[in-house]
Amino acid sequence: MNPIFPSLEWLQALDEKLNNDARYAEIAKKWEGDIVIVIEPQGNLRERRVFYLDLWHGKCRGVAELGSAAEKNAVFVLTAAYENIKHILTGKLDPMQAMLTRKLSVKGNLAVMMRSVPTVLDFVRCAREITTEIV
């Protein structure tokens, strides 16, 4: 059974998936930058969750659940309401469309993110593959 999203167990499963996925390793080999993902409470999610991923050259060098985004000076901070993240993870919302329509807010160099669309999409593919149970 896969861990329930959003949980620390889910984040750890994503860490493992990213580090063992040959396709992600190849596509993301030039990516340099850590990410904080802020999931705002909505629907079944009652409290904010903040996840940190240290992504570097196709590997994840570590993950953590944070109390707030300010705990890490990440290159990117992604913020979205729970339902929008859920729709991205279930394939109902394209991640790039979510960014462009501000359903997913991005703090950081958007030009870098846009130049790295294949990496972003494959990161989401990995997240989708481990996400079967959602709060």
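The values are calculated or read from the model by the stated rules, or taken from the named source; none is laboratory data. As the structure is a computational prediction, the values presented were derived from the model and not from experiment. Don't worry about glycine lacking a Cβ; one is built from the backbone with ideal geometry, like all the others, and counts go over all protein chains shown.
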Q: Out of 29, 86, report the one residue that is at pLDDT below 95 and charged (D, E, K, R).
A: 86
Q. What number goes with the only condition from (1) touching a Leu at 6+ places or on another chain (Cβ under 7 Å); (2) small (Gly, Ala, Ser); (3) without any contact (Cβ under 8 Å) to a residue 40 or more places away in the chain that residue 33 does not pass?
A. (3)
Q: Can you give me the number of residues within region 21-76 that are under 21 Å from residue 102 (Cα atoms), assigned to a loop (DSSP other than H, G, I, E, B) and among the basic types (Lys, Arg)?
A: 1
(Q) Checking residue 1 against (1) modelled with pLDDT under 95; (2) in contact with a helix residue (DSSP H, G or I) (Cβ under 9 Å, 6 or more places away or on another chain); (3) of a type in the set (A, V, I, L, M, F, W, C): exactly one of these is not met. Which one? (A) (2)
Q.
For region 42-81, give me each residue that is buried (at least 18 other Cβ atoms within 10 Å of the Cβ), over 18 Å from residue 122 (Cα atoms) and either basic (Lys, Arg) or touching a residue at least 60 places away in the same chain (Cβ under 8 Å) (or both).
A. 45, 49
Q. Can you name the residue in region 103-124 that is touching a residue at least 60 places away in the same chain (Cβ under 8 Å) and surrounded by fewer than 17 Cβ atoms within 10 Å (Cβ to Cβ) and, of all such residues, is farthest from residue 35 (Cα to Cα)?
A. 118
Q) What are the residue pairs meeting all of these: first residue in region 8-19, first residue more than 11 Å from residue 129 (Cα to Cα) and in contact (Cβ under 8 Å) with a residue 24 or more places away in the chain, second residue outside any helix (DSSP H, G or I) and of a type in the set (S, T, N, Q), Cβ atoms under 8 Å, and 6 or more apart or on different chains? A) 10/2; 10/131
Q.
Return the residues of region 89-102 that are of a type in the set (A, V, I, L, M), free of Cβ contacts under 8 Å to residues at least 60 places away in the same chain and assigned to a helix (DSSP H, G or I); say none if nothing qualifies.
A. 96, 98, 99, 100
